[in-house]
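Notes follow the structure.
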Amino acid sequence: MTRIRGDREDVFSHGYLCPKGSTLKQLHDDPDRLRRPLVRREGRFVEVSWDEAWAEVHRRLPPVIERHGRDAVAVYVGNPTAHHLSPAMFVRTLIQAVGTRNRFSASTVDQAPKQVAAGYMFGTAVSVPVPDLDRTDYLLVLGANPYASNGSLCTAPDFPGRLEALQARGGRLVVVDPRRSRTAEQADEWLAIRPGTDAHLLMALVHTLFEEGLAHPGDHVTAHLDGLEELRGASARFAPEAVSATVGIEAGVIRRIARELVAAPTAAVYGRIGTCTQEFGTTASWLVDAVNLLTGNLDRPGGAMFALPAAGGATTRGQRGFGPGLRIGRGRTRVRGLPEVMGEYPVVALAEEIDTPGDGAVRALITVAGNPVLSTPNSGRLDKALGQLDVMIAVDIYLNETTRHADVILPPPSVLQRPHYDLLLLQFAVRTVANYSPPVLPLDPGQPDEWEILAKLALICQGQGPEADPSVVDELALAGLVRHAVADPTGPVAGRDPDELVTALSAGGRRGPERMLDFMLRTGPYGDAFGAVPGGLSLDALLAEPHGVDLGPLQPRLPEILRTPSGRVQLAPPELIADVDRLASAMTRPQPEFVLVGRRNLRTNNSWMHNIAVLVKGKEQCTLQIHPDDAGRLGVGPGDRVLVASRVGELVAPAEVTGAIRPGVVSLPHGFGHDLDGIAMAVAQAHAGVNANVLADEEAFEPLSGNAVLNAIPVRLSRAS
Ligand SMILES: Nc1nc2c(c(=O)[nH]1)N[C@H]1C(S)=C(S)[C@@H](COP(=O)(O)OP(=O)(O)OC[C@H]3O[C@@H](n4cnc5c(=O)[nH]c(N)nc54)[C@H](O)[C@@H]3O)O[C@H]1N2
Ligand SMILES: Nc1nc2c(c(=O)[nH]1)N[C@H]1C(S)=C(S)[C@@H](COP(=O)(O)OP(=O)(O)OC[C@H]3O[C@@H](n4cnc5c(=O)[nH]c(N)nc54)[C@H](O)[C@@H]3O)O[C@H]1N2
Ligand SMILES: [Mo]
């Protein structure tokens, strides 16, 4: 391996590569990246063989289950599991094998509100409309900065290039953000919203559309629509003139934006992290799509459309047009009684489930690709709580802030040693593509793949012992998938012989995630259905197309996409309508003097790519952005140290005095704070920064999805000595 560059012939990226992608070689070569398991012995980590590591897991974990029951083991699943085939296929198996209700993930510090809103409106947690970036004439972006993040729940290589193409074809880009982000700078208009008030702004847009007679969903939607009048009623209290002081945007501007969205030939509204990780995240996420719908832009080219993923999509399976819909609250957490959401509990409850003694307390934790000590609220408390666990097992590539609490760290292979197919992210892609990349490098001798690690952990939790063969789990999981598919009367392999399908899939010794992927491709909407559709997709077909297969722009999918019990779009879900009073009452609340919001930098990836020198070199990235007026009042100059305190914690960060932020708002990126004892990431430690989540409050969560509130955190500021 000498260099990494983009593939110009790739059907989707056309060679575009993000700066982090081009550093995968450095990640692979990073001497701190774990190659062998670590076991803690007398307080110190020692490298051991895989056999020793499994023996240790077996010695430590099953006794906790025997003594305290399965709920005493919690599982936390982090962000990289969404980007790799192995965990995408095997994490669920692990969780089922542990058999615990205490499941947590990064979803509830991220996109849970968007998923809950989409579930209520359209029927599944992945029925999330994406802006049709390449064809739209007008894009309204709220709480996203794709020039740094490249977008999210909207998969589009070179998102910035696509925005510039929109402007070049005469389109308009409007950005709503308390910071003049790089995306806001590029935009035709920047609206410096007061943090946490996007739902109010969107409600005022909805109000205007109704009041001015501009609400026209279009016949293709109206035929399948419930709730228009309920939404009109709910928006009555939110005239632009009524919300203007709350959101900090003039009423006239709000009305104009509503009219522009309708007047544009096509338009799309896109809301992301800033609209999700806040007090009204689910409401804002719902209203993003309500505005898309009312302006006639839902499910039409140039508007907000549903992807049709080639593999593994929950919206491409089962009966078309109807489904069970989304329900939350099947189970509540022990301490605070927070509701289950999408099969897991809100991560704001993790620390208290460990540190609150009593029956049902969590005593063991398995983390898979997660760093909750840096990424979840009140990190200080969680950090302490992890120290109280009887046992912790981490599947991770680094000894970092979280895994330093583990008894055993099990490292998966490097990203270059693994196959890739973007199973989850292609469910939100702006174009239909299918692309498979085989591993660049072979596994090291004796190195298990990540799926084998997860499968072996599952077997040990099931009492099968450290010698158990992970391929048993693979066979069972595949058999389950196949059985399910042949039993689905509406599916492409209904009534086929499951053994015949398993035999076909296993040809050439194929196994693991790749065999499952082959199955998902072949039974997906473009699949070969095991010979029934000649020329259809399969893994072999993708292997023959190393630059990927382009299946074209997004197509309208209503009503087939729907999986609501009514078989209709629910524009006014009762759970959201019932919460509108809370939205209204927030308008009369006193405002804190300062609120904290987050941000991302181009050369970061949450908490874990700071050990790559080229990504952290240069100007300090972990700074407190503050408006010159505020800085002046506090006597703070550029680079001065500022004490930032919240209800739960405090830290000191260097000031970046900038007019590119709304007065009364300060901003820190998350994922820093690498100065804790006992970690082994030399480069990151030398660029430690501070952990913004020391300030985030675990008691502040969004009630409809359980998501953490990470933006608009009330803080007090002073100049540090
Ligand atoms: N204040 C604030 N907090 C935030 C956010 C915010 O905007 N503001 N954003 C939130 C969001 S959107 C997210 S997604 C979360 C992320 O939260 P987490 O998922 O908890 O954290 P990451 O920083 O993504 O950590 C990923 C972990 O996976 C490990 N890892 C990397 N590659 C692999 C692999 O291939 N296999 C395995 N097993 N491990 C691997 C890394 O070493 C690291 O420990 O943070 C959230 N926290
Ligand atoms: N370079 C880089 N790329 C990444 C990541 C990374 O860490 N680094 N993380 C990845 C992950 S896990 C995710 S989830 C995505 C997230 O992708 P994005 O959603 O684009 O995330 P950010 O770049 O943090 O942009 C969020 C913006 O919201 C603004 N904001 C804060 N509070 C509010 C508010 O109340 N209202 C409004 N309207 N705006 C607000 C912030 O100022 C910020 O500019 O990025 C992904 N891509
Ligand atoms: Mo995320």
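The values are calculated or read from the model by the stated rules, or taken from the named source; none is laboratory data. All values derive from a computational prediction rather than experimental measurement. Cβ atoms come from the backbone with ideal geometry, glycine included; neighbour counts cover every protein chain shown. Side chains are part of the model used for accessible areas, which takes the heavy atoms of the whole protein and leaves out ligands, DNA and RNA. Shrake-Rupley method; radii C 1.70, N 1.55, O 1.52, S 1.80 Å.
Here are the numbers:
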read-out	value
Region 587-598, subset closer than 30 Å to Thr623 by Cβ and surrounded by 15 or more Cβ atoms within 10 Å (Cβ to Cβ), residue nearest to ligand 1 (Cβ to nearest atom)	Gly598
Wholly within region 610-675, strands (runs of 3 or more DSSP E) carrying at least 3 residues that are of a type outside the set (Ser, Thr, Tyr), within 21 Å of Thr183 (Cα to Cα) and in contact (Cβ under 8 Å) with a residue 24 or more places away in the chain	624-626
Region 1-27, subset more than 24 Å from the chain's Cα centre (by Cα) and not in a loop (DSSP other than H, G, I, E, B), residue surrounded by the most Cβ atoms within 10 Å (Cβ to Cβ)	Gln26
Residue ID - nearest to ligand 1 (Cβ to nearest atom), chosen from residues in region 157-176 that are out of contact with any strand residue (DSSP E or B) (no Cβ under 7 Å at 6 or more places or on another chain) and open to solvent by less than 20 Å² (accessible area, probe 1.4 Å)	Phe159
Selection status of Pro489, touching a helix residue (DSSP H, G or I) at 6+ places or on another chain (Cβ under 6 Å), open to solvent by 30 Å² or more (accessible area, probe 1.4 Å) and farther than 18 Å from Leu539 by Cα	no
Boolean, Arg483 is in a helix (DSSP H, G or I), outside the structural domain of Val46 (by TED's automatic domain parsing) and more than 16 Å from ligand 3 (Cβ to nearest atom)	yes
Selection status of Asn145, crowded, with 19+ Cβ neighbours inside 10 Å, at pLDDT 95 or above and over 24 Å from Gly552 (Cβ atoms)	yes
Those helices (runs of 4 or more DSSP H) lying entirely in region 238-281 with at least 1 residues modelled with pLDDT under 95	none
Test: residue in region 223-235 that is open to solvent by 10 Å² or more (accessible area, probe 1.4 Å), in contact with a Pro (Cβ under 7 Å, 6 or more places away or on another chain) and of a type outside the set (Asp, Glu)	yes
Test: residue in region 124-137 that is within 16 Å of ligand 3 (Cβ to nearest atom) and open to solvent by 10 Å² or more (accessible area, probe 1.4 Å)	yes
Residue count, region 524-562 (criterion: of a type in the set (Ser, Thr, Tyr) and free of Cβ contacts under 8 Å to residues at least 60 places away in the same chain)	1
Any hit, region 593-605, residues being in contact (Cβ under 8 Å) with a residue 24 or more places away in the chain, within 16 Å of ligand 3 (Cβ to nearest atom) and of a type in the set (Ser, Thr, Tyr)	yes
Matching option when the condition is outside the structural domain of Val46 (by TED's automatic domain parsing), at pLDDT 95 or above and open to solvent by less than 40 Å² (accessible area, probe 1.4 Å), among Val657, Val683, Val652, Val644	Val644
The listed residue being open to solvent by less than 10 Å² (accessible area, probe 1.4 Å), within 11 Å of ligand 1 (Cβ to nearest atom), in contact (Cβ under 8 Å) with a residue 60 or more places away in the chain and farther than 26 Å from Phe280 by Cα, out of Leu85, Leu94	Leu85
Residue check for Leu410: over 21 Å from Val348 (Cα atoms), away from ligand 2 (no atom under 16 Å from the Cβ) and not hydroxyl-bearing (Ser, Thr, Tyr)	yes
Which numbered condition His216 fails, given (1) in a helix (DSSP H, G or I); (2) surrounded by fewer than 18 Cβ atoms within 10 Å (Cβ to Cβ); (3) in contact with a Gly (Cβ under 9 Å, 6 or more places away or on another chain)	(1)
Failed item, numbered, when Arg36 is tested on (1) part of a helix (DSSP H, G or I); (2) surrounded by fewer than 20 Cβ atoms within 10 Å (Cβ to Cβ)	(1)
